[in-house]
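Here's the structure, in structure tokens; my notes come after.
Computed from the coordinates by the stated procedures, all read-outs in this text should not be read as laboratory data. From a predicted model like this one, the values you see are computed outputs, not experimental measurements. All Cβ positions, even for glycine, are placed from backbone atoms using ideal geometry, and neighbour counts span all protein chains on display.
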Amino acid sequence: MKVASQVLARRAAAKAELEEWLSTVSGGARALTPAELAIYSKRHPVAGWRLAVDFGDRCRRLDILIDGRFPWAPPRIALLDRPRFLVWPHVEEDGALCLLSDTATIKVRRPSLVAAYLLAEACRLIEDSAAERNLSDFRTEFVSYWDWAKTKDTPIIFTAAEMEPPSRIICVWRGKGFFLVSDTEEAVLAWLGNRFGEKRADWSTERALFVWLEQLPLPTEYPSSGVAVRNLLRSTTGPALALLEELAAAGYDQILVLLAGPTQNGPCGAALVLRAPRAVRGKSTSDFLTRGFRPGRAPATIVSQRYMGAGSAERLSVNRVDPTWVHGRGREGRFAKLRHARVAVLGCGSLGAPVILDLARAGVGQMCLIDPDKLVAANTGRHPLGMPDVGRPKSEALAERIRANHPHIRVDAFPERWEEVVQRTPEVLQSCDLIVSAIGDWSSEGALNEWHIGSQRRPPIVYAWTEAHACAGHAVAIGEEGGCFACGCTEDGQPILRVTRWPAGSTLEQEPACGALYQPFGPVELSYIHALTAELALDCLITGVPRSAHRIWIARRPLIESLGGAWTDEFAAIAGAHECGGFIQELIWPAGPCAECENPL
């Protein structure tokens, strides 16, 4: 109750301060009546004031509104005396002005200063709009204004087509819940197959049109008829208009047109549906389009002109699902390399699985997942897969999840040991740009190191493992030069450099079953290590690995000590001033002497 009363007191004081300041503004301000506040009902105002401002050419009325979040949320300013909607930018349907971004911060304790700033910004916006100095903002924020103008209850459009010139014929699948657009039928069907986990024979597609506009239209130029669409395309260079006429002549009941163009914040897209004319005086649409000509003899130009002349255009918004947008919204410079990269991950357990998902979200275009194990219920505490996947091979369940979440990524799953995969199809690993091994078993990783040496150490391999309780984690990248993986390990495969020591002995626990040993730790501790591994993997793909490198995550020292552990003397000497832990150490991976790669010191 005390906290609630403090909040109410703060709000009342802020409102009083704002009212006092408004009384000093030239001409003063009066409180809005309940009926006047009702104009802005969707904004849930609790109070408001109206003032008149002289702009030289005329006097305009502005409303200042506050809602229940005030003073932690800023006031909103609305313009009463305004032109019709979408003539001025940054003016919403009810007259509210867009003056602050969603991430803006304000001076909560000085609401009058916030209101003064917003009032000045509102006046500047109105002056620029009246003088038509900010029309380019319609193009800068094209998607928002197009979405405002679109027809209600239109289908959802997902587009995987690349948002770049030239204008071209593309492909659309019309489903019940959404439409999917991509550059080819093959791409559409592959995306759908990944998304739904199957490829259905009854999926059919139609041709659609992608139009690249050198300059996006203003709201006053948004087309609402076939004639307007034709005029818009006539202003473009390239084959857009001819392609539209070709589709119209083909006799489609409706034609999906995807529009795209440049903005200062990157390319953006929108869509419209051009509908064929309805039946006229009892005749079918086909009769209307071809009247006066024998069947099959109507010239394509005549048919298309009639189609667009009497047809209507319906605006739609689009949801971009093309890889460039999904992975960085067109601004991720690394994606150009990642989208063509192929990565194999050996080991899909509690360390390998989150690394796999991180690499997929980062934009790696092709992945190969190898692991013979099935998920058991006990895994679900620290594995990204859950109960619905218990009993399934981890590799296949992860592959299915990636395909569903990122249908543009190609994922192959092999529920077997990597040795079996290589023996049967050696190109699976040899064709990769990177291999990540999160197996954590020397018998497998020692053999992998020997295979790597025999392959002239191509492609690079990142090995990852955890120490006890995930109190330290290691990621080692083996490149073409420097030590091989065995160079930093003892003859029985133990890492030469250890971060932690455990005076009480083994940290392993055993289930009530033969040989069922496990290491107790949770997903939070592990998260630092899989992030370390994924980051090193990305570095290998983007900048390469000239020499073998070693990165270590070291947990907070109090955590290690609370579990009965301590730093080894060797690592304490390396850590230096990092007494409290919680940091990453980067080292050079040792380079011999090693019997495996015959690397001298």
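Counting only residues 5 or more places away or on other chains, whose amide H sits under 5 Å from the amide H of S437 once H atoms are built in the peptide plane?
Amide H neighbours of S437: L346, V462, Y463, A464.
Report Rg(Cα)/(2.2 N^0.38 Å) for the range 322-434, keeping two decimals.
Here the Cα radius of gyration is 1.07 times the empirical estimate.
Enumerate by residue number the GluC sites (Glu not before Pro) in the range 169-271 meeting two conditions: DSSP loop (anything except H, G, I, E, B), and at most 11 other Cβ atoms within 10 Å of the site's Cβ.
Here the GluC sites (Glu not before Pro) that fit, given the DSSP loop and packing criteria, are E198, E214.
I need the Debye-formula profile for the range 162-266: one equal scatterer per C-alpha, no solvent, reported as log10 I(q)/I(0) at q = 0.20 1/Å, two decimals.
-1.08
Given H placed 1.01 Å from N in the peptide plane, which residues other than close sequence neighbours of A566 have an amide H under 5 Å from its amide H?
Excluding prolines and chain starts, which carry no amide H, the hits are R501.
Taking the Cα centre of the chain as origin and charging only Cβ (+1 Lys, Arg; -1 Asp, Glu), how large is the dipole, in debye to the nearest 20?
Approximately 3140 debye in magnitude.
How tilted is helix 442-454 with respect to the longest principal axis of the chain? Cα atoms for both, answer in degrees (0 to 90, nearest 10).
Here the helix axis deviates by roughly 80 degrees.
Once amide H atoms are placed 1.01 Å from N in the peptide plane, what residues at a sequence separation of 5 or more from A160, or on another chain, have their amide H within under 5 Å of its amide H?
V181, S182, V321
Cα axis of helix 352-362 to longest principal axis of the chain: angle in degrees, 0 to 90, nearest 10?
With both axes taken from Cα atoms, the answer is about 30 degrees.
I'd like the Karplus ³J(HN,Hα) series for the range 309-322: coefficients 6.51, -1.76, 1.60, θ = phi - 60°, whole numbers in Hz, and an x wherever there's a Gly or Pro.
So the J values, rounded to whole Hz, are x, 10, x, 10, 10, 10, 7, 9, 8, 10, 10, 6, 10, 5.
Between 0 and 90 degrees, rounded to the nearest ten: what's the tilt of helix 394-405 against the longest Cα principal axis of the chain?
The two axes meet at around 20 degrees.
In whole Hz, what ³J(HN,Hα) sequence does the range 584-589 give by Karplus (6.51, -1.76, 1.60; θ = phi - 60°), x for Gly and Pro?
Per-residue couplings from phi come out as 10, 10, 10, 10, 8, 5 Hz.
Which of rounded, prolate or oblate describes the range 143-321 when judged by the alpha-carbon gyration tensor and an a/c cut-off of 1.5?
It is oblate, given that a/c is not under 1.5 and a/b is not larger than b/c.
Can you pull the three principal axis extents for the Cα set of the range 54-115, in Å, largest first?
Result, largest extent first: 35, 23, 18 Å.
Compute the convex hull volume of the Cα atoms of the range 93-170, divide it by the residue count, and report the result per residue in Å³ as a whole number.
179
Around S444, under 10 Å between beta carbons, what's the net of Lys plus Arg minus Asp minus Glu among the other residues?
Around S444, the surrounding residues sum to -2.
About the Cα centre of the range 2-134, how large is the charge dipole given +1 on each Lys and Arg Cβ and -1 on each Asp and Glu Cβ? Please answer in debye to the nearest 20.
560
Using the crude model of +1 on Lys and Arg Cβ and -1 on Asp and Glu Cβ, and no other charge, please compute the dipole size for the range 147-294 relative to its Cα centre, in debye to 20.
It comes to approximately 720 debye.
Distance from the Cα centre of the range 425-454 to that of the range 248-262, in angstrom?
49
Test of understanding: ordering L113, L247, L218 by Cβ neighbours within 10 Å, fewest first, what list do you get?
If I rank by nearby Cβ atoms, fewest first, I get L113, L218, L247.
Run through the range 551-581 and list the GluC sites (Glu not before Pro) located in a DSSP loop whose Cβ has at most 16 other Cβ atoms within 10 Å.
Sparse-neighbourhood loop GluC sites (Glu not before Pro): E579.
Using the Kirkwood radius over C-alpha pairs as Rh, can you work out the diffusion coefficient of the range 1-95 via Stokes-Einstein at 37 °C, viscosity 0.692 mPa s, in µm² per second?
224
For the chain, what is the calculated [θ] at 222 nm in deg cm²/dmol (nearest 500), taking -39500 (n - 2.57) for each run of four or more DSSP H residues and dividing by its residue count?
That comes out to -9500 deg cm²/dmol.
Taking the Cβ of L247 as the center, what net charge do the other residues with Cβ under 11 Å away carry, scoring Lys and Arg +1 and Asp and Glu -1?
Net charge around L247: -2.
Restricting things to Cα coordinates, could you compute the convex hull volume per residue of the range 316-371 in Å³?
90
Quick one: check the C-alpha center-to-center distance for the range 125-148 versus the range 24-98, whole angstrom.
The range 125-148 and the range 24-98 have Cα centres spaced 19 Å from each other.
When a/c is below 1.5 the answer is rounded, else prolate if a/b is larger than b/c, else oblate, so apply that to the chain with a ≥ b ≥ c taken from the square roots of the Cα gyration tensor eigenvalues.
In terms of gyration-tensor shape, oblate.
What ranking, highest mean first, results for peptides 159-166, 171-178 when packing means the other Cβ atoms within 10 Å averaged over each residue?
159-166, 171-178
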